[in-house]
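Some notes on the structure that comes next.
The values are calculated or read from the model by the stated rules, or taken from the named source; none is laboratory data. Just so you know, these numbers come straight off a predicted model, no measurement behind them. Because the Cβ atoms are built from the backbone with ideal geometry, glycine has one as well, and the counts that use them run over all protein chains shown. Ligands, DNA and RNA are excluded from the accessible area calculation, which covers all protein heavy atoms including side chains. Shrake-Rupley method; radii C 1.70, N 1.55, O 1.52, S 1.80 Å.
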Amino acid sequence: MAERLIELREVTKSYGRVFALGGVNLHVDRGEVVGLIGDNGAGKSTLIKILAGVVKPTSGDILVRGQKVHNWNGARSRDAGIETVFQDRALAVQQTIVRNIFMGREIAGGLGFLRVRKEHSEAERLMREIGFTSKVFTPDSIVGQLSGGERQGVAIARAIYNKADLIVLDEPTTALSLTETEKVFRFVRAVRASGRSILFIGHNIHHVHDIADRFVVLDRGRVALKADKAEMETAEKLIAFMEHVAHPKGISSFDPSAAVLEVRQ
Amino acid sequence: MTATTETGAEQRHPNASPFRRFLINNRAALGTLAVFVVMMAIFVVANPRVFLAWPLYSSVLVTLPVALFLVVPLVFVVTVGEIDLSFPATMGFSAWIFALLVQAGIDPFIAIIGGVVTGVVLGAGVGAIVVYAGLSSLIATLGMNYMLRGLIMIITEGKSIALLGLRDSTAYQIFSSSLAGIPVQIFWALAFVVFSAFLYNRHRFGARVHAVGDNPDSAAQMGIDVRRIRIATFMYMGLGAAFAGVFSVMINFTWWPTTGDGYLLPALASVFVGGTPAWGGIGTVAGGAIGALIISFIQSGIISAGLTGFYLQFFNGLIIVLALLGHRWNQARYR
Ligand SMILES: Nc1ncnc2c1ncn2[C@@H]1O[C@H](COP(=O)(O)OP(=O)(O)OP(=O)(O)O)[C@@H](O)[C@H]1O
Ligand SMILES: [Mg+2]
């Protein structure tokens, strides 16, 4: 069995009286692409923010490579090899591309002074690597001058800098053109090919089905389905399940008993 | 504000030439420099007797260093998205500790350290109150300013401390004498400006100050300890205020309980005249320093020209408004 990179056990999160997550179990193994899907407000972003250490869970455990972690926070999450492209992209728009890519982990000498040239060339390399290049912008361009897709490219370039073991992408293809989406997919496949893992959140089930090896469906803060690609051969089957989750008594042609998957909670 | 991200075609190719990039990266500071040059030209034409004579420049060189120690750290505070109105009292308080130590016969070098530590500690205190209690720094630091100043007044009963013996000390020779007719404190102040500019533009700390001021949520998501960075800028402000206080005591050989009071508005004005916008995330240390130069020249120039304080107010206000209009036109706010 592949190495278990990260695992969440019975994680809950409440915002006051709103329960965003109610006891979620989730794991990601080395070298796999996990697709996380669910309706708006299902708790997907909350889940990955807990993973990224920027939101504290109300209860539950986080395990990194089998070891339970304590005092989990943003810096530790990054140190543990988790990079996150947040849904809101988390960019500082008045700063340059370089400053955004190296935000929070500047390349600096012993006294903390920046190695500006190194950062510049690294930024250029990263942008090239993921195919987000243009004659129009350079690493010194202000992010506020970039288009939405270009900003997304900056956020992704930032996520791959560390050669992280797990890259979490929260709706990376939303608002992207077909070509740009294809670039993101190529990037995801390249990451998996290099033996690293991706947690991919998306609303386009076809996209997620296309790219992921395994699916986790969140419904109102609970895991409604965990299934391998083998069990969900077609996107249609996944969509049918999603519809069933949304309208349990409804019009869906999906018969949950016909496909006894690892259905939890 | 309805800034647009639409910029001129020249900005779409920022790599065109190193010179052009320099212009674009430093346009706020260069704009401030232009304001300064135009202002000086007008002054010289209007009153060559005063503005072409040395005494004016000599008096600017005495007052400017103190202002620089205040304006430059304030650029950090504004960039991180906060404001500090407590620096005049911090300056007075640190200078007070310095004066007390010197009065007690302690070596001035050690007294300087005492003053500086006081400033940094006060800055940390002010910063911690603002950051941990989540207060509006505008109001909270204003309150701290009154509180600290009031404390000084209560304890000293408004009495000043004269330190005539300071003149013979080595510390005075190093920090406050004059070299070929030029007051040496300007060199110390310039060194501070240059160091701060590197800290601001080329250091991890400066990069994080920018990030936090630009988008604190993103900075936190990227693992930056936002609160620590905010408090650190208040500490840097305290450091600068302490230097300003110590230098002002060494210049005057006297500590007054009001030391620092007059700097609140000029220092604030210098930051914004210098081209640092009030919204945080960007700014310019060099511009702030030139802003301090502008304000110093207005103050000394009006007085040397024999005009009354009414003119001083008018010109101060005029320059501030004109400079802000200039910068407004010069820089777009990205969102
Ligand atoms: N900071 C917050 N304070 C209060 N409630 C919150 C907060 N963040 C999220 N929530 C609530 O938690 C629930 C889950 O939100 P979350 O952002 O995780 O959903 P999501 O699955 O990512 O949705 P989407 O697909 O729209 O991005 C929502 O009901 C949301 O209103
Ligand atoms: Mg979301």
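Angle, helix A:148-160 long axis vs. longest principal axis of chain A, Cα atoms, 0 to 90°, nearest 10?
90
Could you go through region A:29-39 in sequence order and give the Karplus-derived ³J(HN,Hα) for each residue, using 6.51 cos²θ - 1.76 cosθ + 1.60 with θ = phi - 60°, rounded to whole Hz, and x for Gly and Pro?
Those phi angles translate into 9, 5, x, 10, 10, 9, x, 10, 10, x, 5 Hz.
Within the accessible area of region B:227-296, what % is carbon and sulfur when the probe is 1.4 Å and the other protein chains stay in place?
The nonpolar share, carbon plus sulfur, comes to 65 percent.
Reachable aspartates and glutamates from A:LYS68, Cα under 14 Å, same-chain residues fewer than 8 places away excluded?
Cα-Cα hits under 14 Å: A:GLU7, A:GLU10.
Could you work out the relative contact order of chain A, using alpha carbon pairs under 8 angstrom and six or more residues apart, expressed as a whole percent?
25
Angle check, please: helix A:116-129 long axis (alpha carbons) against the longest principal axis of chain A (alpha carbons), in degrees 0 to 90, nearest 10.
Helix A:116-129 sits roughly 40 degrees off the main axis of chain A.
Of all the C-alpha pairs in chain A, what % are more than 35 Å from each other?
That fraction is 17 percent.
What is region B:48-194's relative contact order, in percent, from Cα pairs under 8 angstrom and six or more apart in sequence?
After rounding, I find 33 percent.
Tell me the total accessible area that B and A bury against each other, 1.4 angstrom probe, in square angstrom rounded to 100.
2800
Considering amide H positions built from the backbone, and no H for Pro or chain starts, which residues 5 or more places from A:LEU5, or on another chain, come under 5 Å of its amide H?
Under 5 Å from the amide H of A:LEU5 lie the amide H atoms of A:VAL28, A:ASP29, A:ARG30, each far enough along the sequence or on another chain.
Simple spin-label model, 7 Å along Cα-to-Cβ: A:ARG30 to A:ASN162 in nm?
1.8
Excluding residues fewer than 8 places away in the same chain, name every one of the lysines whose C-alpha is closer than 29 Å to that of A:LYS118.
A:LYS135, A:LYS163, A:LYS183
Pick from A:GLU171, A:GLU180, A:GLU129: which residue has the top mean-square fluctuation in a GNM of chain A where Cα pairs under 10 Å get a spring?
Ranking A:GLU171, A:GLU180, A:GLU129 by mean-square fluctuation puts A:GLU129 first.
For A:LEU218, list long-range residues whose amide hydrogen, built 1.01 Å from N in the peptide plane, is under 5 Å from its own amide hydrogen.
Sorted by chain and number, the residues that satisfy this are A:ILE37, A:GLY38, A:ALA224.
For region B:28-325, just say rounded, prolate or oblate: build the C-alpha gyration tensor, square-root its eigenvalues into a ≥ b ≥ c, call rounded for a/c under 1.5, and beyond that prolate if a/b exceeds b/c, oblate if not.
Here region B:28-325 falls in the oblate category.
What residues qualify as long-range amide H neighbours of A:SER197, i.e. H under 5 Å apart, gap of 5 or more or another chain, H built at 1.01 Å from N?
It is A:GLY31, A:LEU166, A:ILE167, by chain and number.
Going through the DSSP H helices of chain B, which span 30 Å or more along their own axis at the Cα atoms while scoring at least 1.0 as a mean Kyte-Doolittle hydropathy?
Qualifying helices, which must be both long enough and hydrophobic enough, are B:54-79, B:108-133, B:226-252.
For the protein assembly as shown, give me the percentage of DSSP beta bridges that are antiparallel, rounded to the nearest 5 percent.
60
With a 1.4 Å probe and every protein chain left in place, work out the accessible area per residue of the protein assembly as shown in Å², rounded to a whole number.
So the protein assembly as shown comes to 44 Å² accessible per residue, rounded to a whole number.
Given a 1.4 Å probe, show me the residues in region B:15-42 buried by at least 10 Å² of accessible surface when comparing the whole protein assembly to the chain alone.
Residues shielded by partner chains are B:ASN15, B:ARG21.
How tilted is helix A:235-246 with respect to the longest principal axis of chain A? Cα atoms for both, answer in degrees (0 to 90, nearest 10).
Once rounded, one gets 70 degrees.
Under 18 Å Cα to Cα from A:LYS226, which lysines show up? Leave out anything in the same chain fewer than 8 places away.
The reachable lysines, counting only those whose Cα sits under 18 Å from A:LYS226, are A:LYS44, A:LYS237.
What does the average come to when, for each residue of peptide A:141-147, you count the partner chain Cβ atoms lying within 10 Å of its Cβ?
Rounded to a whole number, the mean comes out at 5.
How large is ³J(HN,Hα), in whole Hz, for each residue of region A:218-234 in order, when computed from phi with the Karplus curve 6.51 cos²θ - 1.76 cosθ + 1.60 and θ = phi - 60°, using x for Gly and Pro?
Per-residue couplings from phi come out as 9, 9, 6, x, 10, 6, 9, 7, 10, 8, 7, 4, 4, 8, 10, 4, 10 Hz.
Zone of B:LYS159 (label point 7 Å along Cα→Cβ, backbone N under 18 Å): which residues in region B:249-293?
Correct set: B:254-259.
How much FRET efficiency would the formula 1/(1 + (r/R0)^6) give for A:ARG189 and A:LYS68, where r is the Cβ-Cβ distance and R0 is 35 Å, rounded to 0.05?
It comes out at approximately 0.65.
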